[in-house]
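The values are calculated or read from the model by the stated rules, or taken from the named source; none is laboratory data. Because the structure is a prediction, the values reported are computed rather than measured. Using ideal geometry, Cβ is built from the backbone for each residue, glycine included, and neighbour counts are taken over all protein chains shown. Accessible surface areas use protein heavy atoms only, side chains included; no ligands, DNA or RNA. Shrake-Rupley method; radii C 1.70, N 1.55, O 1.52, S 1.80 Å.
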Amino acid sequence: MEIGDLSDLLVWAAATTLALAMIAFAIDLGRRTDERLEARTETRAAIGAGVGAPEAGSASGGGSVPAESSAPPRRAAGIGMSTSWLGTILLGVAILLRGVAAGRTPWANMYEFTLVGSFVAMTVFLVWNLRRDVRFLGAFVTGLVTLFIVVGLNSFHVAATGVQPALQNYWLVIHVGVAIAATGIFTIAFVLSALQLLRDARDTGSPFLTRPGFRWLDRMPTPTSLESMSFRLNAVGFVMWTFTIIGGAIWAEDAWGRYWGWDPKEVWSFIIWVVYAAYLHARTTRGWSGRRAAWFVVVGYACVLFNFTGVNLIFNGKHSYSGIS
Amino acid sequence: MSERTYRPEGIADDFTTGAPTSTADAVPGAAGQPPSAPRAPQLGWRGMLRWTWRQLTSMRVALMLLMLLAVAALPGSILPQRDQDPSAVVEYLGEHPTAGEWLDRFGFFDVYTSVWFSAIYLLLLVSLVGCIVPRTIAHARALRARPPRTPVRFERFPVHVTGTTAESPDEVAAAAAAHLRGRWRRMPTFRVEAGAEDARPARGKVPARPATRTVAAERGYLRETGNLLFHLALVGLVISVAVGQLLHYRGQAIITEDRGFANAVVDYDTFESGAWFSPESLVPFAMTLDAFESEFATDTVAFAQSRDFTAEVTVHEPDGSSRAETIKVNHPLDVDGAKIYLQGNGYAPEISVTDAEGATAFDGRVPFLPEDQVYTSRGVVKVPDVSPGLDQIGLIGYFLPTAVLNDDGTAESVFPLPEDPLLVLEVYRGDLGLDEGVPQNVYRLDTANLTASVDDDGERVTLLLEPGDTVELPDGLGTVTLGEDVPRFVALDLRHDPSLAWVLSFALLALLGLTGSLFLPRRRVWVRSWTSDGVTQVEVAGLARGDDAGLEPEVDRLLTALPGLERARPTRTSEED
Ligand code: HEM
């Protein structure tokens, strides 16, 4: 078997493992629903008894997350974490082998971009979880990543090979590498903001989201704390995206003879940058923080996805390096 | 500007509008004026102007303009743009005559230079400058000011801790100040001010309190500095891009092996420059192409994909010196501040045509432009200089570097390198229309007024030439010869933009400022300590700018530095959104 084929096989294995992780996390969410509901009522009672945090049953309220210590061990979540680690390691090895097979940095076309972006998203999730319990993200992150990998395998896959002269540059490593990493980080931030919006809508009595099927949302952190987690990632992602654009311009100056030319990819990178800049502004604009700012993250992430898929496949720009014809 | 702190209209900012302002004895102005809702315009045009200005420089309008900018950038990625692909615009206009005309009228094919796109970013810049200048002035003042004085009540701060200790209030204050200043005298972590308050009677909800020692500390002035640097760098970036647009020039030239060109406006095939460009600014160097080499993949996966292009050139400087250089894709050559890029390459076969009277009517290298990965290259030969009385001749055809003949008689190229070259030509005769003075595309032959040569069955005649071949032209027009060697050509793009270093510097400054503005913590910490019933009471509060997970650890570190402190109850008041 060729090394490239072995890599493909490992990617399938990673997708399967991560799908299992998603199931485990989903079971955990379902289980935890009932536990947290009780925990919640207890805290409410405690607050009523005069601890004095201004929780008053609304969307706000930062701190008072029920103590985890009394909760029984979450076996499903534990299985989810270990399968996530396994899947991520498999994916990492697959990416390495891909680089060996092609004899270059393994992020030069859409398929490889998908793999590496997924790998970064998983790594952020796993490493973050070492410092703070973010297992509530597990189902969504592994679900999205599995989806990405399977779409990558089915729609974007090309055989491992070298690249054309315009791509033979250390900027391929830096510019594309940072862009992928930013995408991975934006992915997690998007999950957080989406959860923030859902939980917020449920807390404020959205008729759809108050159905019992969405009880798992009660086990999510408060919208305020989701927002601040999302912000921290988006801030990192935004700085990396800024760097991606600057690096891309430096590279374009050498490769295409101009640093900026409103090529479709450049246009969309600019749009993404402006949307996330607007997000950072919205957070500090009276009347726009919180829920409205979260929508910017959703729109921004949609632009990120479109920049990656739509712009590569629909528009005919200089960035059409997908290798798919 | 009378107030010491400037805040754009509409900013939601706990750090300056939050708790400190609402306490009675905070330094007036240190925390900014009370939050101002958008006020209705005052009477008179001055008031109106001021109101408009305040709105334009408000956070809300900046946000709106940013959103508009994102939306306005969109159509340029969907519709073809004249700057990038003028022929696609023509094609679009042909396919959608009515809609196309309207879109054109509103600048949709020149989005990034259109009035509306420019209006949005110019307004944004005005708003930005209007907002950033007063902020910079205010920040420069704040840099010299003392930390805001200790507020009366600590309960409202996000981090608030109380405790007791056996040490005296003086010792607590000294320890807190020492800890907050940090190890380096010259670069203190916090700017610290130790103070004292007199005993005071009960006032409102605040109970009476004996005399206290206080410590007020603030860190992270660099955060605001970074934010200002970021916004100012954006202005610098836009200005340097604009200056570059005005001063730049760009020329394209196709040169073949052993030939050259001079850096002069007339020597370029196309030349384009900004409004402030003057031809004298062209450094008159010259250049010859010595050799061109290309490599292509031969593996089955990426067969015939390009792998390397190298142009070996000699640069002749105006002072008479010359030197050998190479130009590669991604590695432009820098000559006297101008960059020369390798933008394209192909074959320029040597073709000569002898007319019916035996006179040489054409002899030259003709660039054939590659149309696909295997360099199926298309070109035309226009032969107007035939002997008097004869029909002019036009040849259209393909150059195939490695040709194979199919069973049906057609030929195709299978590899981009010249392993088995073949020139395939169709022949036209008549008036080429070159004498009318209308500029023509050298790569197109307008066949409308020409007669194609056909054989007895009415089929087009195609001539096949291998290097060195001479074949008869049909209809007794003469002969055509393909030279033994097939020279390569390169398409060079020469560009000079004096603003590049500025553009890059401002971009990097913006990145630096942004990083500081997002990741440097800006925090205030206050300590108050007094003796009541023989026990030293300690109260500590912390406030941070924006989301700051490090605030609590910061306060915790301070607490451990206070001698003998017994912590009472840590509270983390929730932030409302
Ligand atoms: C070219 C347009 C602009 C862009 C791309 C832009 C971008 C940004 C970004 C990315 C931040 C985030 C940094 C941070 O959160 O600390 C920011 C912050 C800020 N911007 Fe802008 N900005 C623009 C125009 C403006 C204008 C017109 C104003 C004034 C109304 C303004 C006022 C501010 C303020 C006050 C902050 C600090 C917010 C805070 O962190 O509290 N910006 N800007």
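Could you grab the pairs with beta carbons closer than 6 Å, sequence gap of 6+ or different chains, first residue in the range B:75-103 and within 14 Å of chain A (Cβ to nearest Cβ), second one open to solvent by less than 50 Å² (accessible area, probe 1.4 Å) and of a type in the set (G, A, S)?
Going by the 6 Å Cβ cut-off, the qualifying pairs are B:P80/B:A88; B:Y92/B:G100.
Which of the residues that make up the range B:69-84 are part of a loop (DSSP other than H, G, I, E, B), of a type in the set (S, T, N, Q) and crowded, with 18+ Cβ neighbours inside 10 Å? Outline the logic, then answer.
The initial filter retains those residues of the range B:69-84 that are part of a loop (DSSP other than H, G, I, E, B), namely B:74, B:79-84.
Imposing the further condition that a residue be of a type in the set (S, T, N, Q) reduces the set to B:81, B:84.
Hit for the range B:69-84 is B:Q81, nothing else.
If you scan the range A:214-241, which residues turn out to be open to solvent by 10 Å² or more (accessible area, probe 1.4 Å) and within 16 Å of the ligand (Cβ to nearest atom)?
Quick first cut of the range A:214-241, residues open to solvent by 10 Å² or more (accessible area, probe 1.4 Å) only: A:214-216, A:218-219, A:221-222, A:224-225, A:227-228, A:231-233, A:236, A:239-241.
Once the filter is applied, which keeps residues that are open to solvent by 10 Å² or more (accessible area, probe 1.4 Å) and within 16 Å of the ligand (Cβ to nearest atom), the range A:214-241 yields A:E227, A:S228, A:F231, A:R232, A:L233, A:V236, A:V239, A:M240, A:W241.
Within the range B:105-129, track down each residue that is part of a helix (DSSP H, G or I), more than 19 Å from the chain's Cα centre (by Cα) and either away from the ligand (no atom under 16 Å from the Cβ) or of a type in the set (D, E) (or both).
Answer for the range B:105-129, where residues must be part of a helix (DSSP H, G or I), more than 19 Å from the chain's Cα centre (by Cα) and either away from the ligand (no atom under 16 Å from the Cβ) or of a type in the set (D, E) (or both): B:R105, B:V115, B:W116.
Does the range B:489-505 contain any residue that is at pLDDT 90 or above, open to solvent by less than 40 Å² (accessible area, probe 1.4 Å), touching a Gly at 6+ places or on another chain (Cβ under 8 Å) and in a loop (DSSP other than H, G, I, E, B)?
yes
Taking into account only those residues within the range B:131-154 that are open to solvent by 50 Å² or more (accessible area, probe 1.4 Å) and of a type in the set (K, R), which is farthest from the ligand (Cβ to nearest atom)?
My answer is B:R153.
Could you check the range B:278-297 and list, in sequence order, the residues that are open to solvent by 30 Å² or more (accessible area, probe 1.4 Å), farther than 15 Å from B:G260 by Cα and away from chain A (no Cβ under 11 Å)?
B:S278, B:P279, B:E280, B:S281, B:V283, B:E293
Within the range A:267-316, can you find the residues that are buried (at least 20 other Cβ atoms within 10 Å of the Cβ), away from the ligand (no atom under 15 Å from the Cβ) and either at the interface with chain B (Cβ under 9 Å from one of its Cβ atoms) or of a type in the set (S, T, N, Q) (or both)?
A:V267, A:W268, A:C303, A:N307, A:V311, A:N312
Can you tell me which residues in the range B:419-442 are farther than 17 Å from B:D355 by Cβ, open to solvent by 70 Å² or more (accessible area, probe 1.4 Å) and in contact with a Leu (Cβ under 8 Å, 6 or more places away or on another chain)?
B:Q440
Limited to the range A:199-209, what total is found for residues that are in a helix (DSSP H, G or I) and either in contact with a Lys or Arg (Cβ under 6 Å, 6 or more places away or on another chain) or surrounded by fewer than 20 Cβ atoms within 10 Å (Cβ to Cβ) (or both)? Write out each step before concluding.
Looking only at the range A:199-209, we keep the residues that are in a helix (DSSP H, G or I), and these are A:199-203.
Restricting the remaining residues to those that are either in contact with a Lys or Arg (Cβ under 6 Å, 6 or more places away or on another chain) or surrounded by fewer than 20 Cβ atoms within 10 Å (Cβ to Cβ) (or both) gives A:200-201, A:203.
Adding up the residues that qualify gives 3.
Which ones in the range B:65-74 are small (G, A, S) and more than 7 Å from every other protein chain (Cβ to nearest Cβ)? First the steps, then the outcome.
Initial filter on the range B:65-74 (small (G, A, S)): B:70, B:72-73.
Of everything in the range B:65-74, just one residue is small (G, A, S) and more than 7 Å from every other protein chain (Cβ to nearest Cβ), namely B:A72.
Please go through the range B:250-267 and pick out each residue that is away from chain A (no Cβ under 14 Å) and either under 14 Å from B:L494 (Cα atoms) or among the acidic types (D, E) (or both).
Let us first name the residues in the range B:250-267 that are away from chain A (no Cβ under 14 Å), namely B:254-267.
Selection gives B:I254, B:I255, B:E257, B:D258, B:G260, B:F261, B:A262, B:N263, B:A264, B:V265, B:V266, B:D267.
With respect to B:G244, is the statement that it is part of a helix (DSSP H, G or I), within 13 Å of the ligand (Cβ to nearest atom) and either among the basic types (K, R) or surrounded by fewer than 21 Cβ atoms within 10 Å (Cβ to Cβ) (or both) true?
no
Which residue, of A:R202, A:R258, is touching a helix residue (DSSP H, G or I) at 6+ places or on another chain (Cβ under 8 Å) and more than 14 Å from chain B (Cβ to nearest Cβ)?
On the way: A:R258 fails: more than 14 Å from chain B (Cβ to nearest Cβ).
Only one candidate passes the filter, namely A:R202.
Evaluate the range B:17-25: report whether one residue or more is within 14 Å of another protein chain (Cβ to nearest Cβ), at pLDDT below 80 and either assigned to a helix (DSSP H, G or I) or within 16 Å of the ligand (Cβ to nearest atom) (or both).
Taking every residue of the range B:17-25 in turn, at least one turns out to be within 14 Å of another protein chain (Cβ to nearest Cβ), at pLDDT below 80 and either assigned to a helix (DSSP H, G or I) or within 16 Å of the ligand (Cβ to nearest atom) (or both).
Can you tell me which of (1) open to solvent by 60 Å² or more (accessible area, probe 1.4 Å); (2) modelled with pLDDT under 85 is the one B:V206 doesn't meet?
Only one criterion is unmet by B:V206, namely (1).
Output the number of the condition that B:P563 fails; it satisfies all remaining conditions of (1) open to solvent by less than 60 Å² (accessible area, probe 1.4 Å); (2) touching a helix residue (DSSP H, G or I) at 6+ places or on another chain (Cβ under 7 Å); (3) within 16 Å of the ligand (Cβ to nearest atom).
Answer for B:P563: the failing condition is (3).
Which residues, counting only those in the range B:289-335, are in contact with a strand residue (DSSP E or B) (Cβ under 8 Å, 6 or more places away or on another chain) and among the small types (G, A, S)?
Across the range B:289-335, the qualifying residues are B:A291, B:S294, B:A297, B:A304, B:S306, B:A311, B:S322, B:A324.
Please find, among A:V145, A:V178, the residue that is within 12 Å of chain B (Cβ to nearest Cβ) and either under 16 Å from the mean Cα position of the chain (by Cα) or among the hydroxyl-bearing types (S, T, Y) (or both). Give the steps one after another, and end with the answer.
Working: A:V145 fails: within 12 Å of chain B (Cβ to nearest Cβ).
After ruling out the rest, the residue left standing is A:V178.
Checking B:W102 against (1) within 15 Å of the ligand (Cβ to nearest atom); (2) more than 29 Å from A:F308 (Cα to Cα): exactly one of these is not met. Which one?
Only one criterion is unmet by B:W102, namely (1).
Restricting to strands (runs of 3 or more DSSP E) lying wholly in the range B:350-424: which have 3 or more residues that are more than 48 Å from the chain's Cα centre (by Cα)?
Working: elements: B:350-355, B:360-365, B:377-383, B:392-400, B:402-405, B:411-415.
Qualifying strands (runs of 3 or more DSSP E): B:350-355.
Please indicate, with yes or no, whether at least one residue in the range B:307-317 is open to solvent by less than 40 Å² (accessible area, probe 1.4 Å), of a type in the set (S, T, Y), part of a helix (DSSP H, G or I) and at pLDDT 90 or above.
Scanning the range B:307-317, I find no residue that is open to solvent by less than 40 Å² (accessible area, probe 1.4 Å), of a type in the set (S, T, Y), part of a helix (DSSP H, G or I) and at pLDDT 90 or above, so the answer is no.
Return the pairs, sorted by first residue and then second, in which the second residue is within 16 Å of the ligand (Cβ to nearest atom) and hydroxyl-bearing (S, T, Y), the first residue lies in the range B:545-568 and is closer than 25 Å to A:M229 by Cβ and modelled with pLDDT under 85, the beta carbons are less than 6 Å apart, and the residues are 6+ apart or on different chains.
Filtered contacts from the range B:545-568: B:D547/A:S228.
Evaluate the range B:344-364: report whether one residue or more is within 14 Å of chain A (Cβ to nearest Cβ) and buried (at least 20 other Cβ atoms within 10 Å of the Cβ). Please lay out each step first, then the result.
Step one: of the range B:344-364, the residues within 14 Å of chain A (Cβ to nearest Cβ) are B:344-345.
Restricting the remaining residues to those that are buried (at least 20 other Cβ atoms within 10 Å of the Cβ) gives B:345.
Yes, there is a match, as at least one residue in the range B:344-364 is within 14 Å of chain A (Cβ to nearest Cβ) and buried (at least 20 other Cβ atoms within 10 Å of the Cβ).
Might you let me know whether the range A:152-160 holds any residue that is within 14 Å of another protein chain (Cβ to nearest Cβ) and either part of a helix (DSSP H, G or I) or at pLDDT 90 or above (or both)? Can you show your working first?
So in the range A:152-160, the residues within 14 Å of another protein chain (Cβ to nearest Cβ) come out as A:157-160.
From the residues that got through so far, the ones that are either part of a helix (DSSP H, G or I) or at pLDDT 90 or above (or both) too are none.
There is no residue in the range A:152-160 that is within 14 Å of another protein chain (Cβ to nearest Cβ) and either part of a helix (DSSP H, G or I) or at pLDDT 90 or above (or both).
Looking at (1) within 16 Å of the ligand (Cβ to nearest atom); (2) within 21 Å of B:D548 (Cα to Cα); (3) open to solvent by less than 60 Å² (accessible area, probe 1.4 Å), find the lone condition where B:L222 falls short.
All conditions are met except number (3).
Considering every residue within the range A:201-212, establish whether at least one is under 30 Å from A:V127 (Cα atoms) and hydroxyl-bearing (S, T, Y).
No, every residue in the range A:201-212 fails to be under 30 Å from A:V127 (Cα atoms) and hydroxyl-bearing (S, T, Y).
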